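S.K.: Here you go, one structure.
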Amino acid sequence: MLLTNPRSLRSAYPEDLQEILNKKAADESGAWLFSWDQINRTATPLWSLPDMAAALGVASISLKDESFRSPLGSFKALGAPIALMRLLLRQWHTHNLNPRDLVAGKYSQLLANVTVISATDGNHGKSLAAAARDIGCQCVIVLHANVSAEREEAIAQYGAKIVRIAGGYDESVEYAAELAKENGWNVVSDTSYEGYEAIPRDVMQGYGVISSETIVQLESSTSRSPVTHVFLQGGVGGLAAGVASYLWEHYGAERPQFIVVEPQQADCLYQSAIAGHATTATGTVDSVMAGLACGEASPLAWKILERCVDQFMTISDNDAIDAMRTLSTGTDRDPPLVVGESGAAGFAGLTVLMRSPEFATAVGLGADSHVLVINTEGATAPSVYRELVGESAEAVLARQREWMKALEH
């Protein structure tokens, strides 16, 4: 399904939105994050996929690969840690805490009795748990019924206390808020709700690092043309808002076209575009794209998205799985890539649109289009990846290394 958003603007980035998300705060967040040993010091790869572009009928495809961002395996390493850092800097403002010393654990004695809590589908919770461990505070993670044992174990290894509930993601968000209120804990969530916006804003601000790096990589390469279309994963809207707002502020009225992609059964942003305000999904929400299996849009993210996303679309789980397999294969000119279930959504959306001349025309995709997609995660659930792709992430990475060696020669 495809929906054109009548509210999208082609203008300079509005001042009222700059008060929510802006390049200056995103760049500051990046500078702080790069002092954390769980963040790689170099920019994540921006792969060119010329053979895939030719097969689909577009001029170029660039894939920003966040699986290289951190040992944590996903873009979420940019969100939860910076939100936790900014929360502690606000709460302990009289102590003049140094952000770089904070993630180095130099205030661990001071913060030992601080507890943070969040609901998660996996990657956000793992990133929060890792940051809390290194900073020296306590962490509680609420998991809903559809989060796999494999993802639970990945979070627990960072020392977080795990709380399991029945129901889905939205119920886990509510329960985390209840526990926080009862115990005097701090919620560090990537979705906003009434009276809770500062921390989700900080989470989204961290995602601007992706855009900052991509702009430099695009503009420093003579072989890459300006991007015309950007495909962004949906979920509650945080990634899309964090990435799109930065690009919009940078390019102004000449910004690229933004297309948000969601699972059919977790279409809260698609439904929000229909309703004209942040609302809920119409389906079961459960999806193989675990990180996008969200039933309710973030109202704060929606303030950004309603004015810059040009199209909202939904895809099936099979579309995502097909994209994972396609990207894992590689060609002589395209590297084999490890792309997780949610990470594949943007590329899957592009593929779905290009299969339909009607949809491609509606979005303005064609032989002159330069497309950016983001792989938001690697194989963060290795057994799921192996089952869906038919080989292990290690095997794909081995072929990627061989591809890169061949390229050098």
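S.K.: If I take R0 = 41 Å and measure r between the Cβ atoms of Leu407 and Thr284 in this structure, what FRET efficiency does the formula 1/(1 + (r/R0)^6) give, to the nearest 0.05?
M.R.: The formula returns an efficiency of 0.40 here.
S.K.: Note down the relative contact order for the stretch 1-72 as a percent, whole number, built from C-alpha pairs under 8 angstrom at least six residues apart.
M.R.: So the answer I get is 25 percent.
S.K.: Roll a 1.4 Å probe over the protein heavy atoms and report the accessible area of Cys294 in Å², nearest 10.
M.R.: Accessible surface of Cys294 is approximately 10 Å².
S.K.: If you don't mind, there's one more thing I want to ask. Mind jotting down the distance between the C-alpha centroids of the stretch 1-30 and the stretch 143-185, whole Å?
M.R.: Here the answer is 31 Å between Cα centres.
S.K.: If you count the DSSP beta bridges with both ends in the chain, what percent of them are antiparallel, to the nearest 5?
M.R.: 20 percent
S.K.: Next question, about the same structure. Can you tell me the equivalent ellipsoid semi-axes for the stretch 262-378? Use √(5λ) from the Cα gyration tensor, largest first, whole Å.
M.R.: Value: 25, 18, 12 Å, ordered largest first.
S.K.: Treating the Cα atoms of the stretch 119-177 as identical point scatterers in vacuum, please give the log10 of the normalised Debye intensity I(q)/I(0) at q = 0.12, 0.27, 0.28 Å⁻¹, two decimals.
M.R.: So the normalised log intensities are -0.23, -1.07, -1.13.
S.K.: Taking a spot 7 Å from the Cα of Phe359 along the direction of its beta carbon, which residues of the stretch 375-390 have an amide N less than 13 Å from it?
M.R.: Those under the cut-off are none; the list is empty.
S.K.: Ignoring ligands, DNA and RNA, what accessible area per residue does the chain give at 1.4 Å, in Å²?
M.R.: On a per-residue basis, 38 Å².
S.K.: Tell me the Rg and the Dmax, in Å, that the Cα atoms of the chain produce.
M.R.: Computed over the Cα atoms of the chain, radius of gyration and Dmax are 19.9, 62 Å.
S.K.: Let's see if you can work this out: charge +1 on each Lys and Arg Cβ, -1 on each Asp and Glu Cβ, no other charges. What is the dipole magnitude of the chain about its Cα centre, in debye to the nearest 20?
M.R.: Charge dipole, the chain, about its Cα centre: 860 debye, nearest 20.
S.K.: Here is a further query. So which aspartates and glutamates pass the test for Lys23, namely a Cα distance under 16 Å, with those fewer than 8 places away in the same chain ruled out?
M.R.: Partners found: Glu15, Asp202, Glu213, Glu249.
S.K.: Pop a pseudo-label 7 angstrom from the Cα along the beta-carbon direction at both His93 and Thr331 and give the gap in nm to one decimal.
M.R.: Reported label-point gap for His93 and Thr331 is 5.5 nm.
S.K.: Quick one: grab Rg to one decimal and Dmax as a whole number for the stretch 61-132, Cα atoms only, in Å.
M.R.: In order Rg, Dmax, the Cα atoms of the stretch 61-132 give 13.9, 48 Å.
S.K.: Let me ask you something else. If the viscosity is 1.306 mPa s and the temperature 10 °C, what Stokes-Einstein diffusion coefficient in µm²/s follows for the stretch 76-187 when Rh is the Kirkwood radius over Cα pairs?
M.R.: Approximately 113 µm²/s, per Stokes-Einstein.
S.K.: Could you calculate the contour length gain from Tyr251 to Ala145, that is, 0.36 nm times the residue separation minus the distance between their Cα atoms, to one decimal place in nm?
M.R.: Value of the extension gain: 34.0 nm.
S.K.: Classify the stretch 351-407 as rounded, prolate or oblate, taking a ≥ b ≥ c as the square roots of the eigenvalues of its Cα gyration tensor: rounded when a/c is under 1.5, otherwise prolate if a/b is larger than b/c and oblate if not.
M.R.: prolate
S.K.: May I pose another question? Counting Lys and Arg as +1 and Asp and Glu as -1, what is the net charge of the other residues whose Cβ lies under 15 Å from the Cβ of Cys137?
M.R.: +3
S.K.: Lys and Arg at +1, Asp and Glu at -1: add these up for the other residues within a Cβ distance under 14 Å of Ser108 and post the number.
M.R.: Result for the local shell: 0.
S.K.: What figure, in Å² to the nearest 10, do you get for the accessible area of Asp16 with a 1.4 Å probe and non-protein molecules left out?
M.R.: Accessible area, nearest 10 Å²: 70 Å².
S.K.: Helix-only mean residue ellipticity at 222 nm, the chain, DSSP H runs n ≥ 4 weighted -39,500 (n - 2.57), per residue, nearest 500. What is it?
M.R.: The per-residue figure over the chain is -13500 deg cm²/dmol.
S.K.: Subtracting the Cα-Cα distance from 0.36 nm times the residue separation, let me have the gained length for Glu391 to Asn40 in nm, one decimal.
M.R.: Between Glu391 and Asn40, full extension yields 123.7 nm more.
S.K.: Using a 1.4 Å probe over the heavy atoms of the protein chains, calculate the carbon and sulfur portion of the accessible area of the chain as a whole percent.
M.R.: In the chain, the share of accessible area belonging to carbon and sulfur is 50 percent.
S.K.: Take the Cα coordinates of the stretch 1-129, assign each an equal point scatterer, and use the Debye formula without solvent to give log10 I(q)/I(0) at q = 0.21 Å⁻¹.
M.R.: Listed by q, the Debye log ratios stand at -1.28.
S.K.: Out of the GluC sites (Glu not before Pro) in the stretch 1-71, which ones are loop residues according to DSSP with at most 16 other C-beta atoms within 10 Å?
M.R.: Glu19
S.K.: Work out which trypsin sites (Lys or Arg not before Pro) in the chain are exposed loop sites (DSSP not H, G, I, E or B, at most 12 other Cβ within 10 Å) and give the longest gap free of them.
M.R.: 42-354
S.K.: Another question, if that's okay. May I ask you to derive the relative contact order of the chain, considering only C-alpha pairs under 8 Å and at least 6 residues apart, and to give it as an integer percent?
M.R.: About 21 percent, as a whole number.
The values are calculated or read from the model by the stated rules, or taken from the named source; none is laboratory data. The structure displayed is predicted, hence computed values, not measured ones. Neighbour counts run over all protein chains shown; Cβ positions are idealised from the backbone, glycine included. Please note that ligands, DNA and RNA were not included when accessible areas were found on the heavy atoms of the full protein model with its side chains. Shrake-Rupley method; radii C 1.70, N 1.55, O 1.52, S 1.80 Å.
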